[in-house]
Amino acid sequence: IAMGISYFLFFSGIFQVKEIIITGAEKVFEDNIKAFISPGNIFLIDIKKMKKDILDNFAQMARVEIIRALPDTLNIQVVKRLPLALWCEEEKCFWIDNEAVIFGEVLIPSEVEELIKISGAKEMFNKEKISQILEIKEKLTRGSGVTTTQAFIVSKERLNIELSEGWEIYFNTGGDLDWQLQELFLVLEKQITPV
């Protein structure tokens with residue numbers, strides 16, 4: 001009986017993967033993702049390895065979920081990374097998400113007009129730094145209505161922010177950013193008269 005059940009589950013054609021359903025990805029990615037799936041028995045497929053292979057080969061994917069749907073279907077749901085800023089080197093820019101993952105080159109410049117461009121010391125760029133940059137950008141816009149266009153990572157503790165008005169502001173990222181922004185807003189109120 002045990003041998004019969006084993007044969008039925010693992011060797012009969014009933015549980016061979018025949019259909020792969022991918023959601024959350026464009027058609028071009030669907031075809032590429034399917035290339036990482038080895039056909040075989042639905043019970044013997046190594047889902048952990050398959051997820052790792054997909055994430056290792058598609059930097060634009062933040063998460064992958066794979067669910068077996070008996071008898072012969074794999075449901076794969078991918079979640080793409082959400083670009084929040086750009087990392088720029090020389091003439092090329094790349095998407096960045098909130099985890100400081102750099103992925104995919106920007107090919108259409110008009111797609112990035114709203115996003116801040118970040119450059120500088122790449123070895124200093126990490127999740128904490130992107131968080132600080134995005135926080136500064138958001139607070140500058142909300143607090144004074146200025147538009148932040150670029151951030152330059154000078155060192156571990158120094159960050160230069162360029163505004164669309166042409167000013168450049170230096171921040172000590174090792175210090176209290178809220179205090180620095182409050183001081184900046186006070187200076188802007190007192191020193192700069194509206195045109």
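The values are calculated or read from the model by the stated rules, or taken from the named source; none is laboratory data. A quick note: this is a predicted structure, and the numbers were derived from the prediction, not measured. A quick note on method: Cβ atoms are made from the backbone with ideal geometry, for glycine too, and the neighbour counts reach across all protein chains shown. Note: accessible area is taken over every heavy atom of the protein model, side chains too, but ligands, DNA and RNA are not part of it. Shrake-Rupley method; radii C 1.70, N 1.55, O 1.52, S 1.80 Å.
Inspection of the range 15-24 finds no residue satisfying the criterion of being modelled with pLDDT under 85, over 15 Å from residue 69 (Cα atoms) and either of a type in the set (Val, Ile, Thr) or surrounded by 14 or more Cβ atoms within 10 Å (Cβ to Cβ) (or both).
Within the range 165-187, the set of residues being part of a loop (DSSP other than H, G, I, E, B) and open to solvent by 70 Å² or more (accessible area, probe 1.4 Å) comprises 165, 167, 176. For the range 114-162, a residue qualifies if it is over 17 Å from residue 95 (Cα atoms), among the basic types (Lys, Arg), out of contact with any helix residue (DSSP H, G or I) (no Cβ under 8 Å at 6 or more places or on another chain) and not in a helix (DSSP H, G or I), and exactly one does: 158. Search the range 1-23 for residues that are in contact (Cβ under 8 Å) with a residue 12 or more places away in the chain and among the polar types (S, T, N, Q) and pair each with any residue that is part of a strand (DSSP E or B) and open to solvent by 40 Å² or more (accessible area, probe 1.4 Å) when their beta-carbon atoms are under 6 Å apart and the residues are at least 6 apart or on different chains. Cβ pairs passing all conditions: 23/77. Could you tell me whether the range 38-59 includes any residue that is surrounded by fewer than 17 Cβ atoms within 10 Å (Cβ to Cβ), within 16 Å of the chain's Cα centre (by Cα) and modelled with pLDDT under 90? The answer is yes; a qualifying residue exists.
Residue 111 satisfies every condition listed in (1) in a loop (DSSP other than H, G, I, E, B); (2) acidic (Asp, Glu); (3) under 30 Å from residue 30 (Cβ atoms) except (1). Taking the criterion of being within 8 Å of the chain's Cα centre (by Cα), closer than 12 Å to residue 59 by Cβ and open to solvent by less than 80 Å² (accessible area, probe 1.4 Å), the residues of the range 84-101 that qualify are 95, 96, 97, 101.
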